[in-house]
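A short write-up of the structure that comes next.
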Amino acid sequence: MKKVLSAFLALMCFTSTAFAYEFPHTFWAMNERYAKALNSNDAYGIIENGKQIVDLISKEPENEDTLSVMGSRLEQIGLAYERIGDY
């Protein structure tokens, strides 16, 4: 029984790490520009860089990571539009 349990646990660990989602390489540079705009409260930068990220990630498979990025970027884009009075 211990061997079966050990094999099952090893399989679960392998499965969870083997299929981890990796963002596209271009995401990281976009995300860095977005973070700078967010940290400096640059509404136009948030909108521009956030939209680029949304466009990129919307073409990726839907999973917890992509949905989280999309949701947070869309929220901040909406708030930035509100700050500049563009409804």
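Counting only protein heavy atoms, what percent of the accessible surface of the stretch 28-75 is carbon or sulfur at a 1.4 Å probe?
In the stretch 28-75, the share of accessible area belonging to carbon and sulfur is 51 percent.
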Inset, instruction - Filter the trypsin sites (Lys or Arg not before Pro) in the stretch 14-87 to those in DSSP coil with at most 12 other Cβ atoms within 10 Å of their Cβ, and list the result. - result: Lys59
Inset, instruction - Calculate, in nm to one decimal, what Leu67 and Asn39 gain on full extension: separation in residues at 0.36 nm each, minus their alpha carbon distance. - result: 7.9 nm
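The values are calculated or read from the model by the stated rules, or taken from the named source; none is laboratory data. Since the model is a prediction, treat every value here as computed from it, not as a measurement. A quick note on method: Cβ atoms are made from the backbone with ideal geometry, for glycine too, and the neighbour counts reach across all protein chains shown. Ligands, DNA and RNA are excluded from the accessible area calculation, which covers all protein heavy atoms including side chains. Shrake-Rupley method; radii C 1.70, N 1.55, O 1.52, S 1.80 Å.
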